[in-house]
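Trainee: Quick one: this structure, given as structure tokens, is what I'll be asking you about.
The values are calculated or read from the model by the stated rules, or taken from the named source; none is laboratory data. Because the structure is predicted, anything quoted here is derived from the model rather than measured. Note that we place each Cβ from the backbone using ideal geometry, even for glycine, and neighbour counts take in every protein chain shown.
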Amino acid sequence: MAHPAPGDFKDVILFLATAGVVVPLFRRWRISPILGFLVAGVLLGPSGLGALGAHAPWAAELTINSPKELAQLGELGVVFLMFMIGLELSWARLWLMRRYVFGLGALQVVGCGLIVALTAYFFGASVTASAAVGAAMALSSTAVVMPILTENRRQHVQAGRVTFAVLLFQDLAVAPILITLAIMGRDQGPALSPEVLASFAPAVLAVAALVGFGRFLLRPMMRSVARARSDELFMAACLLVVIGSGLLAAFAGLSMALGAFVAGLLLAETEFRHEVEQVIEPFKGLLLGLFFLAVGIGLDVGLVLEQPLQIAGVTFGLMALNSALIFGLARAFGLNWKAAAETALLLAASGEFAFVILASAMDLGVVPEALGQSLLVSATLSMMCIPLLAALGLRIAGRATSGVSEAPHAPGAAPDGRILLVGFGRVGRLVGEMLDRHGLPWSAIDQDASVVARARKSGRSLYFGDASRPGFLERCGLGSARALVITADADGDDVGAVETLVASVRDRRPDLAIFARARDSAQALRLYEMGVTDAVPETVEASLQLSEAVLVGVGTPVGPVIASIHARRDEFRRELNQGEGFLSKSRQKARVSTS
């Protein structure tokens, strides 16, 4: 068996070094990590250190040799991003956004495309080339803009919602644009001929197939995998859903990102939403980083140096045209001027689909090679400007979140005041019933897929997942929860899991009321020391309930019995609190003597 040479892994090592060294430095300097990947791509590409290879052999060792392979893999980053965006939405919420998606989004694509096309025609491009250029340069970058919105926590303010709506319509418009380009390249007669209309049929069928699969087969498949209680199998199923839905859309002529978005929308309404988010997040982050690295590698520095004024004029001219039109449209749709300015700046630059459309147009002979290459360089430079434009927009709009979405909470997110239950066995169900009787809203989490399925059939707000994972409870609404109730069985291995969960939650929410079920008084004592509001030992509660039954059964009046039981319970809690204080002082003395 042949062993791989060390050089075979050079591109991977360079990417991991960028992710592990360069990007953290940008974060420390409070610069967008996206810009870090883009700059690293320029340096590691053939136009960066690669250009020094003939004079400095060491530079060749720091140059990525297979940029096309990295670019293909990096495109999956956009696919995973759109899948995660779909998970954060629902069909109902998407319908509420229809005015911005199909109103403002459609006007932006048509308006910006028309202005850019007319400008290109004015400078001598043909009608077909002008149309292709206008369509390509009217589309903004979902891959860059959405992570910046998330990083700045602006995705739920008015500008963030409108920006996402426009980006969503742009993604929907990619397939018709590519189909129209292919028709223009083949010169197939009238624009609305039966042949043209028939060419859209595979796309419609693909979307219908995705929706049908998601409605009838996706949840049973995920439930079957969840019952296996294997993290590896669940991860494999999540990756299958993302990549499989993307490939199905691609086979029909749509973008993979759109197919993944539809799959995310369908999963958003299931009990697996938060667990899937937790699994997919690392893949999305790494693959998006690879995408930005590939964009930086693709920048032709030589062309920039040969035609600096022309490239700069095209880049900033296109951004000025787009931002001016978007600002006017946003104001017409009722946005205040600050939100409109932020939206215009976020959407001013070109996006990743410009590369797809221009490459297709050049292959079909619709756009001349020289013009296409110049526009690709301008698109890359404008994408590198997005972090700076976003920072300017944030400075204009301020950090105030007035105009936060009036839409309902994303599915599964706990609104303010909701109580989170960890575990929905016999104890969890009883706690949920008592909360219902007092009109208190709650959501529950359980690792048993069968338990979750039965509860959701009865209309309960239950989600599948592992609450011990640091980010999982955050996705379930820990930040806005009123209280956390840990009802999971405290036997065997679960004893340590309960204490680990309490420590993790207390670190994130020092102010949160935590109520935990304990196996015995010893565990209750440990939980009190860790900061729980109240711990209920099963052995003590069983003894008190048995005592109450015996006393009433032998004829003791019910009132005094209940009063005595409550008094003994209070005494027991005081004993535990005193023991907690004694134990804390003893451990503190031990640490001092050891030091």
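Trainee: List the helices (runs of 4 or more DSSP H) that sit entirely inside the stretch 441-549 and contain at least 1 residues that are out of contact with any strand residue (DSSP E or B) (no Cβ under 6 Å at 6 or more places or on another chain), closer than 26 Å to Arg569 by Cα and among the acidic types (Asp, Glu).
Mentor: 494-508, 521-530
Trainee: For the condition modelled with pLDDT of 80 or more and under 23 Å from Ala106 (Cβ atoms), what is the one hit in Gly253, Gly212, Gly244, Gly259?
Mentor: One residue alone meets the criteria, Gly259.
Trainee: Test of understanding: among Gly302, Gly285, Gly365, which residue is at pLDDT below 90 and not in a helix (DSSP H, G or I)?
Mentor: Result of the check over Gly302, Gly285, Gly365: Gly365.
Trainee: Listed residues Arg98, Arg161; which is under 24 Å from Leu388 (Cβ atoms) and of a type in the set (D, E, K, R)?
Mentor: Arg161
Trainee: Okay, next question. Kindly indicate which of Arg506, Arg482 is assigned by TED's automatic domain parsing to the domain that holds Leu435 and without any contact (Cβ under 8 Å) to a residue 60 or more places away in the chain.
Mentor: Only one candidate passes the filter, namely Arg506.
Trainee: Scan the stretch 426-464 for residues that are basic (Lys, Arg) and under 17 Å from Thr270 (Cα atoms) and jot them down.
Mentor: Arg454, Arg456, Lys457, Arg460
Trainee: Related question: I need the helices (runs of 4 or more DSSP H) fully contained in the stretch 38-135, keeping only those with at least 1 residues that are under 25 Å from Gly259 (Cα atoms) and free of Cβ contacts under 8 Å to residues at least 60 places away in the same chain.
Mentor: On the way: elements: 57-61, 67-87, 91-96, 105-122.
Hits in the stretch 38-135: 67-87, 91-96, 105-122.
Trainee: Can you report the number of residues in the stretch 242-298 which are out of contact with any Cys (no Cβ under 9 Å at 6 or more places or on another chain), farther than 24 Å from Leu376 by Cβ and among the aromatic types (Phe, Trp, Tyr)?
Mentor: Count: 2.
Trainee: Here's a check for you: in the stretch 59-74, which residue that is surrounded by 17 or more Cβ atoms within 10 Å (Cβ to Cβ) and of a type outside the set (A, V, I, L, M) is farthest from Ala143 (Cα to Cα)?
Mentor: Out of the qualifying residues, it is Thr63.
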